[in-house]
Amino acid sequence: MEDHVKIFDTTLRDGEQSPGATMTASEKLEVAKQLARLGVDIIEAGFPAASTGDWEAVHTIAKTVGTPDGPVIAGLARANKNDIERCWTAIKPAAKARIHTFMSTSDIHLEHQFRKSRGEALELIGEMVTYARSLCSDVEFSPMDAGRTDPEYLLEVLKVAVECGATTLNIPDTVGYMTPEEYGAMIRSIREIVPGADQVTISTHCHDDLGFAVANSLAGVLSGARQVECTINGIGERAGNAALEEVVMALHTRSQFYGISTRVDTTQIARTSRMVSAITGIQPQPNKAIIGANAFSHEAGIHQDGILKNPLTYEIMRPETIGKDSSLVLGKHSGRHAFRKHLEHLGYTLSDGEIEKAFARFKDLADKKKLVDDRDIVALIDDQLHQPAPIWVLDQVQVSCGTAAIPTATVRLHGPDGVARTDSGQGTGPIDAVYRAINRVVGQPNVLTEFSIKAITEGIDAVGDVTIRIEEEGKNHANGNASSAGDDSGTGPKTRTYTGHGVHTDIIVAAAIAYMGALNKLIAARQERMRNKSTSYTETNTPPYAMDWFGNSTHGRDA
């Protein structure tokens, strides 16, 4: 058995399937680089057969992050040749590549979703694992919905997978149905009964529908599993996956109990969590274990008294262990060189142009705040890096409101043609008025589905961090994510969600920046769809339709 628990991070695949968590290719690459710094053993970079964009993202990660001393780069593939070939071509550039293929094995999935008998599924699994192994020396197989699969049949499936060359057997509790006792017993049975199980890695993949994902994963480790599939912040389908930070810190903090740990650099946990939150717009709840805002806070008097006397009285971990220290090191008199060096210390590698832009924003913030700490700097950099290429640019926003006034906002935006446009709007509050004014200029119908605001640091001068989600009004789109190990089928129409993120000392401005970010993503997506349609029209010798600034077809009217 391995001398450590391998951490298989599936944030870029299973985590991205959270509603609204879709990432661009550049965002996926940034997260992959940070996961490599974190020290995960395997990165599941995506589902290459799902779309051309997903294939390109996985391929880029394999070339960039899949270095000889870096993590294994895995891609997901259904048990069919097209998926497996597509996966292999995407991950092939990685020094250490893995094909992860899967097939449902529970009767409810086989009967209602795949329309296959047990015998047909067993034959297909053997063929596809053999084919995957002919391409790649590292093959992982997952029997989807293993938790609800007949135990005898599951053992038979895993026996065939091992015989056909699988090097890792991943056991998904796809719908989060099992208890820790049941899951641990299942892993134990697999190790004891499946021929050759002692020669392969047994892996866990647990969902959190009943809140057991981390507990089940740790029960699997106690029963001999030596790989845990998990995601940053526990994001994923439905209630999410086992949270990487919770699994890693449980093994780290209770190493005497578990007798085994991981190779993760725990000091990178907080930064990785913040990055994924900023990119996906999904903020962990304040009481979230390990990385929640309140995880190391103490308000009760008896707790505060104990902490002051000795932190061990109420803290089983120190915040520094996960990289949560926030020492003040920079101020308005700091120079570019010190700023650049500190960004490198925080793990950022920026171009000269990006440094200049970030330094200007830092100086502006330092003029407005008495104290600037790492949390402020990380928020500024993440906000800068995660804003989409602008189609519409916010130039100015001004609001008027009060107890005796109708909230009114005036905005000035620069359009795709570079021309400045100004308009005003009234609303129930200043932010509503700003959004109405922006809508009057941009003219892009949408539905605001979520609005959240938080302070990055303490105090009345704290930087405001706004995250919003919008959906296209009256538009439904195919999900684009095919079935995946540990997940539902993902088929059928699904409303597309766009996330925006804004950081500023003025929360009204932060809200406007966040809204513009979401709108630009929405417009860019519409333009991409129209370009794809134009390509298909060209291929059939039909003249493509022109588009306006918003990605709307000009068919039937002047372009």
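The values are calculated or read from the model by the stated rules, or taken from the named source; none is laboratory data. Please read these numbers as outputs of a predicted model, since none were measured by experiment. A quick note on method: Cβ atoms are made from the backbone with ideal geometry, for glycine too, and the neighbour counts reach across all protein chains shown.
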query = Given the conditions (1) touching a helix residue (DSSP H, G or I) at 6+ places or on another chain (Cβ under 9 Å); (2) in a helix (DSSP H, G or I); (3) farther than 30 Å from E528 by Cα, and given that A36 satisfies all but one, which numbered condition is not satisfied?
reply = (1)
remark   = Scanning region 2-17 for residues that are in a loop (DSSP other than H, G, I, E, B) and buried (at least 24 other Cβ atoms within 10 Å of the Cβ) gives V5, T10, T11, L12, R13, D14
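Here's the yes/no breakdown for (1) free of Cβ contacts under 8 Å to residues at least 60 places away in the same chain; (2) over 21 Å from V162 (Cβ atoms); (3) touching a strand residue (DSSP E or B) at 6+ places or on another chain (Cβ under 8 Å); (4) not in a strand (DSSP E or B):
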position: Y183; (1), (2), (3), (4): yes, no, yes, yes
position: I190; (1), (2), (3), (4): yes, no, yes, yes
position: P195; (1), (2), (3), (4): yes, no, no, yes
position: T204; (1), (2), (3), (4): yes, no, yes, no
position: N216; (1), (2), (3), (4): yes, yes, yes, yes
position: A219; (1), (2), (3), (4): yes, yes, no, yes
task = Look at region 85-99 and say how many of its residues are within 12 Å of F47 (Cα to Cα) and in a loop (DSSP other than H, G, I, E, B).
result = 0
key: Subset of region 94-134 (residues that are more than 27 Å from the chain's Cα centre (by Cα), surrounded by fewer than 18 Cβ atoms within 10 Å (Cβ to Cβ) and aliphatic (A, V, I, L, M))   = I108, L124
note = Checking R361, R412, R421 in turn, the sole residue that is under 26 Å from T280 (Cα atoms) and outside any loop (DSSP other than H, G, I, E, B) turns out to be R361
Odd one out for N82 among (1) buried (at least 19 other Cβ atoms within 10 Å of the Cβ); (2) of a type in the set (S, T, N, Q); (3) outside any loop (DSSP other than H, G, I, E, B) = (1)
inquiry  = Among the numbered criteria (1) closer than 23 Å to V200 by Cβ; (2) more than 16 Å from the chain's Cα centre (by Cα), which one does N82 miss?
reply    = (1)
key: Pick from region 411-429, criterion within 14 Å of I513 (Cα to Cα) and modelled with pLDDT of 95 or more, ranking: surrounded by the most Cβ atoms within 10 Å (Cβ to Cβ)   = V411
note = Matching residues in region 397-409 (within 16 Å of Y515 (Cβ to Cβ) and either outside any strand (DSSP E or B) or touching a residue at least 24 places away in the same chain (Cβ under 8 Å) (or both)) number 4
key: Condition broken by G53, with the remaining ones in (1) touching a Lys or Arg at 6+ places or on another chain (Cβ under 7 Å); (2) assigned to a helix (DSSP H, G or I); (3) small (G, A, S) satisfied   = (1)
note = Within region 100-125, residues of a type in the set (S, T, Y) and either within 20 Å of L169 (Cα to Cα) or part of a helix (DSSP H, G or I) (or both) come out as T101, S104, T105, S106
remark   = Of the listed residues (G75, G20), the one being farther than 16 Å from C136 by Cβ and touching a Phe, Trp or Tyr at 6+ places or on another chain (Cβ under 8 Å) is G20
request  = Could you pull out the residue among A518, A511, A525 that is among the hydrophobic types (A, V, I, L, M, F, W, C), at pLDDT 70 or above and over 24 Å from D14 (Cα atoms)?
outcome  = A511
query = Hey, among the residues in region 256-287 that are of a type in the set (G, A, S) and farther than 14 Å from I7 by Cα, which one's surrounded by the fewest Cβ atoms within 10 Å (Cβ to Cβ)?
reply = G259
query = Quick one: which of T201, T262, T167 is out of contact with any helix residue (DSSP H, G or I) (no Cβ under 9 Å at 6 or more places or on another chain), farther than 30 Å from G20 by Cα, among the polar types (S, T, N, Q) and modelled with pLDDT of 95 or more?
reply = T201
Residue match in region 444-466 (condition: under 22 Å from L519 (Cβ atoms), modelled with pLDDT of 90 or more and of a type in the set (K, R)) = no
request  = Test N233 against the stated conditions and say whether it is at positive phi, in contact with a strand residue (DSSP E or B) (Cβ under 8 Å, 6 or more places away or on another chain) and either of a type outside the set (G, A, S) or modelled with pLDDT under 95 (or both).
outcome  = yes
key: Close pairs (6 angstrom Cβ cut-off, 6 or more residues apart or separate chains): within 14 Å of D83 (Cα to Cα) and at pLDDT below 95 in region 111-132, surrounded by fewer than 19 Cβ atoms within 10 Å (Cβ to Cβ) and aromatic (F, W, Y) anywhere   = none
